[in-house]
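Below you'll find the structure, written out as structure tokens, and then a few comments.
The values are calculated or read from the model by the stated rules, or taken from the named source; none is laboratory data. Bear in mind that the values here come from a model prediction, so they are computed numbers and not experimental data. Cβ sites come from the backbone with ideal geometry, for glycine too, and all protein chains shown count toward neighbours. When the accessible area is computed, the model is the full protein with side chains, heavy atoms only, and any ligands, DNA or RNA have been set aside. Shrake-Rupley method; radii C 1.70, N 1.55, O 1.52, S 1.80 Å.
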Amino acid sequence: MPSALLALAAFIAVIIVWSAVFKRNMGEAMFLGFIATCLFAGGDFFGAMVSGLVNTTSNEVIYAALAFVFMAYMIERTGLINKILDILNAALGRLRGGPAYVDIVASGVMGALSGSNSGNVASTGSVTGPWMVRNGFSRARAATILAGNGGMGAALPPSSSMVIMLGFAGTAVSTGDIYLALLVTGLYQVLHRLVVAFAFIRVDGVRSAEDQARLPFGRVWRTGWPATLIYLGALIPIAVTTGPLSEYLGSPDRLGDALGDISLITWIPILIILIAAIVGRRELPGSARQWYDFVLAAMPRLGTIGALLIFAMAASGVLADLGLAEDVEQVLGYFNAGPFLMVALTVLLIAIVSIPLTSTAALTAVGQVSFLSLVAVGVDPVIALVVPLVAASTEGSSPPSAPIFIASGIVQVKAEKTFVPLILFYLVPIILLACLVGWGILPIFVV
């Protein structure tokens, strides 16, 4: 096997063993994986290490990802996510099985902001899980729905998973195209989960939500609508950089080429943080000491994702220097795999790696080789980047992944009772969805 592919295999193996077997954190696993990758440089071990780390510091993806993490922290600490959940509860609570629908929409909302499937389940499930049980869902069914919906942490933009894949793609794709393409595939996933929830509700005979479980929509909207303004932080940069408004502003007599210097992955979290600070200002610290404690509380999150991304990107650079692209082309030429087979193999690879790892970790481990493999067989770069993201959203439905145990703990049921339903109703359909997008059967409407 070519040396770069051996280095990639060692990188993945070290990550899985250190995190899944020894139960250590992903930051440590990525560091050790990076060291293992550098060993394949032989006598140039230290040179490869320094080069990988130095090149990583100039990658805007690192700083953008940290901004996304702090963005999610700000939204949580200011209480804005709870207000959005209250609005969803009030709007959908009248529906039969309303808590399940609320969890789907809320998981999409929270997932788009945080990119964490486990965090998605924990934050939305703590509200909707007990509500589902109280409304007549069995505990096993409630846990199945919570875990299955949790995968939308990687399914909708702007997520940290999307940022990571953009770092691997470089200039091969535009951020706007990926954002819109992932939004379309994310909506496919939302539709799939709505259909599954509808079927569960009918089969299980779930009744309408109790009146005391919801507040009047008008009252909730009047007090909570400012929380929805955080989405302007994503809508404004997208509108400015893509579509008719972009064409208008980009004319030579207006902003011209300067419009192309706007980075979505940088400005979206910055604007959302600013809006969250304005809307949720009453919940923010009032003194220097309180601000110190506020920022200090965010450090564990920032430190973990920072270490993960720095060493993942550094390892990616070392793999590129070792000739990963050439090795992938060589192996593909040997097997003569066409686009149809390569899409299926890529989706299965990511779904398997996502079982012991988080979707973010899985994409940092195999995202680059997946993208290169698909592009090498003629898959459009936008599709080649979106397919791994869709496949990584299987994390919550891949037993025995962490979101399943989080969901089961929330509603107090044995996790193994959810395994078969999750595989049948979430894992298999999402894998099929990723393949259909990769094969061009399901359109993503991006030119």
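State, to one decimal in nm, how far the label point of Thr57 lies from the label point of Leu274, with both points 7 Å from Cα in the Cβ direction.
A separation of 2.8 nm, rounded to one decimal place.
Between Arg207 and Thr228, what is the spin-label point distance in nm, taking each point 7 Å from the Cα along the Cα→C-beta axis?
Each label point lies 7 Å from its Cα, and together they span 3.1 nm.
Taking all pairs of different Cα atoms in the stretch 3-439, averaging 1/r and flipping that mean, what Kirkwood radius in angstroms comes out?
Result for the stretch 3-439 stands at 22.4 Å.
Based on the Cβ-Cβ distance from Ser287 to Lys414, what FRET efficiency comes out when R0 is 41 Å, to the nearest 0.05?
After rounding, the FRET efficiency stands at 0.30.
Take the solvent-accessible surface of the protein heavy atoms, probe 1.4 Å, and return the percent of it on the stretch 3-439 that carbon and sulfur atoms account for. Numbers along the way, then the final one.
Details: 11870 of 17930 Å².
Reported share for carbon and sulfur atoms: 66 percent.
By per-residue mean of other Cβ atoms within 10 Å, what is the highest-first order of 222-234, 403-415, 137-149? Before the final figure, lay out each step's value.
Working: 222-234: 16.5, 403-415: 21.0, 137-149: 27.5.
The peptides rank, most packed first, as 137-149, 403-415, 222-234.
Averaged over every viewing direction, what's the projected area of the C-alpha convex hull for the stretch 383-447? Give it in nm², one decimal, please.
Result: 4.9 nm².
Students often check this: by mean Cβ neighbours within 10 Å, which of 78-90, 39-51 ranks highest, and how do the rest follow?
My ranking of the peptides, most packed first, is 78-90, 39-51.
What's the ranking of 196-206, 286-296, 159-169 by average number of surrounding C-beta atoms within 10 Å, highest first?
Peptide ranking by packing, descending: 159-169, 196-206, 286-296.
Per residue, how much accessible area does the stretch 3-439 have with a 1.4 Å probe, in Å²?
Result: 41 Å² of accessible area for each residue.
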